[in-house]
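> Sharing a structure with you now.
The values are calculated or read from the model by the stated rules, or taken from the named source; none is laboratory data. Since this is a predicted model, take the numbers as computed values, not measurements. With ideal geometry, Cβ positions are generated from the backbone for all residues, glycine too; neighbour counts draw on all protein chains shown.
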Amino acid sequence: MSETGLLKLPNGVELKAAGPGRLGAVAGVTAGRLELSLAGAAETPDKDGLAAVLTQVHALWAQHHYTRAVVDLTRLTFMNSSCFKELVTWISKVQDAPAADRYRIQFRYSPDVRWLKGSMHALSTFGVDVVDLEATQGAR
């Protein structure tokens, strides 16, 4: 395990939560697509761990060339601006790639969570060429 709490798995990575309620993440290849699930509260101390997970997701894409990464945010309780910026950086990296090298990022979220609904609108506006939104009833 790295100092960010990142654990390499045979088919992906896992970010162990640093404590109760803190950010945890699992990313990997499932049923022929990339999937990332975030849970808990993503705060400033979790920024580097989140960045490492997103880097690994991008590396998995580079290895397998899937057309979509599904990001499940239905168990995310909070995300501060420094962690949100890591999502923006990831989207920017995908958007800046040549069109043939891009993949879609599909964010699954609960529209009942007011702060998340606004954040998802901002991400889809920023990442218009690569971001899709899926509003669903979450696992909260």
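> Test of understanding: among Asp72, Asp112, which residue is at pLDDT 95 or above and not β-branched (Val, Ile, Thr)? Write out each step before concluding.
On the way: Asp112 fails: at pLDDT 95 or above.
Checking each option against the conditions leaves just Asp72.
> With the structure loaded, tell me whether Trp61 is in a helix (DSSP H, G or I) and at pLDDT below 90 or whether it fails that test. Explain how you work it out, then say what you get.
Details: in a helix (DSSP H, G or I): yes; at pLDDT below 90: yes.
In short, yes.
> If Trp90 satisfies all but one of (1) at pLDDT 95 or above; (2) loosely packed, with under 14 Cβ neighbours inside 10 Å, what's the number of the condition it fails?
Checking Trp90 against (1) at pLDDT 95 or above; (2) loosely packed, with under 14 Cβ neighbours inside 10 Å, the one that fails is (2).
> List every residue pair whose Cβ atoms sit under 7 Å apart, with the two residues 6 or more apart in sequence or on different chains, where the first one lies in the range 1-28 and is under 12 Å from Gly40 (Cα atoms) and the second, anywhere, is at pLDDT below 65 and outside any loop (DSSP other than H, G, I, E, B).
Leu15/Leu6
> All but one of (1) over 20 Å from Glu14 (Cα atoms); (2) in contact with a Leu (Cβ under 8 Å, 6 or more places away or on another chain); (3) surrounded by fewer than 20 Cβ atoms within 10 Å (Cβ to Cβ) hold for Val131; state the number of the condition that does not hold.
(3)
> Right, next: Pull up the range 71-105, narrow it to residues that are free of Cβ contacts under 8 Å to residues at least 40 places away in the same chain and in a strand (DSSP E or B), then point me to the one that is nearest to Gly12 (Cα to Cα).
Val71
> Let me ask something else. Looking only at the range 13-23, filter to residues that are surrounded by 20 or more Cβ atoms within 10 Å (Cβ to Cβ) and part of a strand (DSSP E or B); which one of those is modelled with the highest pLDDT?
In the first step, residues of the range 13-23 are kept if they are surrounded by 20 or more Cβ atoms within 10 Å (Cβ to Cβ); the result is 13, 15, 23.
If we keep only those that are part of a strand (DSSP E or B) as well, we get 13, 15.
Numbers: Val13: 81, Leu15: 86.
Residue satisfying both the conditions and the ranking: Leu15.
> When you look at Leu36, is it exposed (fewer than 15 other Cβ atoms within 10 Å of the Cβ) and either of a type in the set (A, V, I, L, M) or modelled with pLDDT of 90 or more (or both), yes or no?
On the way: exposed (fewer than 15 other Cβ atoms within 10 Å of the Cβ): no; either of a type in the set (A, V, I, L, M) or modelled with pLDDT of 90 or more (or both): yes.
Answer is no for this residue.
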